[in-house]
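Contents: one structure, followed by commentary.
Derivation of every value follows stated rules applied to the coordinates shown; laboratory data play no part. Note that the structure is predicted; figures quoted are calculated from it, not measured. Cβ sites come from the backbone with ideal geometry, for glycine too, and all protein chains shown count toward neighbours.
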Amino acid sequence: MPDFSLTPEQESLRDLARKFARTEMAPHAAECDRASRFPEEIYRKAFDLGLLNLNLPTEYGGSGLGLFDQCLIVEELAYGCGGMTTTVIAHCLALAPILLDGSPEQKERFLKPIGAEYRLAAFALTEPSGGSDPGSMRTLARRDGDGYVLSGEKCFISNAPQASLFVVFANTDPSQRHKGVTAFVVPRSANGVTVGPDDEKMGHRASSTAAIRFDDVRVPASDRLGPEGGGFSLAMRTLDHTRTPIGALATGIAQAALDHAASYSLKRETFGKPISEHQAIQIKLANMAQAVQAARLLTWRAAWLIDRGQKGTLESSIAKCFASDAAFAVADEAIQTFGGYGYMREYPVEKLLRDAKLTQIYEGANEIQRIVIARELLRGYG
Amino acid sequence: MEIVVCVKPVPDAETRLRTAADGSTLDIEAVKFVLTGYDESAVEQALLLKEANPGSKVHVVSAGPPPRTEEVLRASLALGCDLATWVEMPPGVAPDPVSAARALARAVAAVPHELVLCGKNAGDDEAGVVAGALAELLGVPDYSAVLDLRWDAAASRLRFQRSTEAGVEKWEAPLPCVVALQQAWNDPRTAKLPAILKSRRLPIAKVPPEAAIPATGTTRPTKFELPPPRTGAKLIEFKTPEEAAQKLVKVLKEDAKVFP
């Protein structure tokens, strides 16, 4: 029989994240959203408490959590602020390829400093011409002596303005299309690396996002992750590990939207009674609660499968896609429950809709997720 | 210094409390038990003393039923306490203050203890009995409502302040003694994630309660009631202050009958 109860250990991890989200993150969420401010002091506190390097093994100074436990934490953090949580998961996303294909020497060199003090990393895959089609990647890595020379541009890179280290995907042999994609670790201090201005975003405004340009950046061969041409597979394996936490992030946003709507419905009166006593609102709340619970359970299941060593491609795509669509729908209904107030910036729910929107787009747009889901599904019938 | 801290599992203030069907106990099915303000201050004070006096050890002790008592002990270990002892009561049995003090005194007496710290009172029943009773049973003096405790090694004296209605008193005292801490004056730390994980694997010494103590204690609550819902609020709508004043006077005279 499946067991949906958390262990006491998991409950205490969740409680830590919950307390941090509600006392450290949520009180600053509206202000950071309005001012598009990157609250470094909050991320530093998260680092101190072990809430930043979630997937970094303890031997490198991280928290070394499995995917399920990461998801428990990410959901709680996102309840406090989706944007701040994006900074955390974008950082973990950048660590994943080093953990997957880095040599012991590379892990020691790149990951030890990340566990030792507050530093952010960024995952640079997406390019202006498209993020979901690595085969057409235009960033090139030309062989030169005992190393490579990188040139090209990446865009929409979360944490780029603050990161001290980038994991960059570049093509070493464009004629091979996606089979020529190779991954490199590039320090921010490398000559020829230019980070653009912060992007003005619709939501997740407490996280920062920018383009990165590489002008003939020299990268030693010792900083290549895995073999030449192994980058596409590495990117896909990375995303298999990091897609599920997006489901958790979306679930946190959805739960916040439901909580706001339900509490408001008990206080707000129309036609002489609280709107929670009108069936129109009850039906909304019931639908929202179903979406939140389904999103959480799909996320939990995908994380549980992956922790048990399964690939979980189908399940993690379903979790990410369903939870992000659910978050958008639940935030939308929360605004509708608030009526005109919900549309006002003074109230917290419009931010949730803007934050939920991104979860349908990043780490594989939901259209791509559906292609993956259909492909995995049809395999079972072929 | 050998420091012992006594803590009590208390319902989380964010939990919605309900009375059980019998009316004389709380429905604890969905209640989360946590360390609360006074005890958090006591643990924090113990850790500050340990940090300031190298070689010190902090031993946390609690008396109560599973699973709540184990949880507050593990929470204390995650914060940095070195050792834990659990006087294990039967499931569902929470000791009354005097029984708790007797159980704690027996456990404390069995381990090295120069300084015993407690919260001034528990965050739930606010009885404030345990620290005094514990000191009496251990045969040492006790000081309550204490802030800002320091160990003056040169003089072999504790130096501390007591918050009283008349102001703040400055004290010094020799060891051993029991000190009951005021709440949250020292900004208790938050346990870090790796420490939380590690605390789950640390040993907790279990001791049985003394057979002679009735586990339910010598006192027991006879009835719990939720406060009645508040009614009778009246909102006065007005356009000018004069109108507001007139309407308020009318309400005070005719409805509330405060004035004839």
* Asked: List the chymotrypsin sites (Phe, Trp or Tyr not before Pro) in segment A:325-382 that DSSP assigns to loop (not H, G, I, E or B) and whose Cβ has at most 16 other Cβ atoms within 10 Å. Which are they?
  -> A:TYR381
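Of the DSSP beta bridges with both residues in the protein assembly as shown, give the percent that are antiparallel, rounding to the nearest 5.
On the way: 44 of 75 bridges.
Counting DSSP beta bridges with both partners in the protein assembly as shown, the antiparallel share is about 60 percent.
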* Asked: Within segment B:1-83, which GluC sites (Glu not before Pro) sit in a loop by DSSP and count at most 16 neighbouring Cβ atoms inside 10 Å?
  -> B:GLU14, B:GLU29
* Asked: Helix A:349-359 versus the longest principal axis of chain A: what is the Cα-based angle in degrees, 0 to 90, to the nearest 10?
  -> 30
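State the percent of C-alpha pairs, over all pairs in segment A:1-103, separated by a distance greater than 25 angstrom. Can you show the working numbers first?
Details: 1171 of 5253 pairs.
I get 22 percent for the Cα pairs in segment A:1-103 exceeding 25 Å.
What does the charge count around A:LYS284 come to, taking other residues whose C-beta lies under 11 Å from its C-beta (Lys +1, Arg +1, Asp -1, Glu -1)? Mind showing how you got there, number by number?
Details: positive: none; negative: A:ASP332, A:GLU333.
After counting each charged neighbour, the total is -2.
Kirkwood hydrodynamic radius (Cα pairs, Å) of segment B:109-201? The partial results should precede the final answer.
Numbers: mean 1/r = 0.0673 Å⁻¹.
Taking the inverse mean of 1/r over all distinct Cα pairs, segment B:109-201 comes out at 14.9 Å.
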* **Net charge contributed by nearby residues that have their C-beta within less than 13 Å of A:VAL195 (K/R +1, D/E -1)** => -1
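Are there chymotrypsin sites (Phe, Trp or Tyr not before Pro) in segment A:260-322 that DSSP puts in a loop and that have at most 14 other Cβ atoms within 10 Å, and which ones? Present the calculation step by step, with values, prior to reporting the outcome.
Working: sites: A:TYR264, A:PHE271, A:TRP300, A:TRP304, A:PHE322; in loops: A:PHE271.
Of the chymotrypsin sites (Phe, Trp or Tyr not before Pro), the ones in loops of segment A:260-322 whose Cβ has at most 14 other Cβ atoms within 10 Å are A:PHE271.
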* Kirkwood hydrodynamic radius of chain A, from inverse mean 1/r over distinct Cα pairs, in Å -> 21.3
* Taking the Cβ of A:ARG44 as the centre, find all other residues whose Cβ is under 11 Å away and add up their charges (Lys, Arg: +1; Asp, Glu: -1). => -3
* Asked: For helix A:231-267, what angle does its Cα long axis make with the longest principal axis of chain A, in degrees from 0 to 90 and rounded to 10?
  -> 20
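222 nm [θ] for chain A, helices only, -39500 (n - 2.57) per DSSP H run of 4+, per residue, to 500? List each step's numbers first, then the result.
Values: 11 runs with 197 residues, N = 382.
My calculation for chain A gives -17500 deg cm²/dmol from helical runs alone.
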* Degrees between helix A:104-116 axis and first principal axis of chain A (Cα, 0 to 90, nearest 10) -> 40
* Asked: How far is the Cα center of segment B:19-87 from the Cα center of segment A:160-226, in Å?
  -> 48
* Exposed-site-free run, longest, chain B (rule: trypsin sites (Lys or Arg not before Pro); DSSP loop; at most 10 other C-beta within 10 Å) -> B:17-200
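When you have a sec, figure out the Kirkwood radius of the protein assembly as shown from all distinct Cα pair distances and drop it here in Å to one decimal? Please list the in-between numbers first.
Numbers: mean 1/r = 0.0357 Å⁻¹.
Mean inverse Cα-Cα distance, inverted, gives 28.0 Å.
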* Asked: Using a ≥ b ≥ c from the Cα gyration tensor of segment B:1-160 (square roots of the eigenvalues), is it rounded, prolate or oblate, where a/c under 1.5 gives rounded and otherwise the larger of a/b and b/c decides, a/b for prolate?
  -> prolate
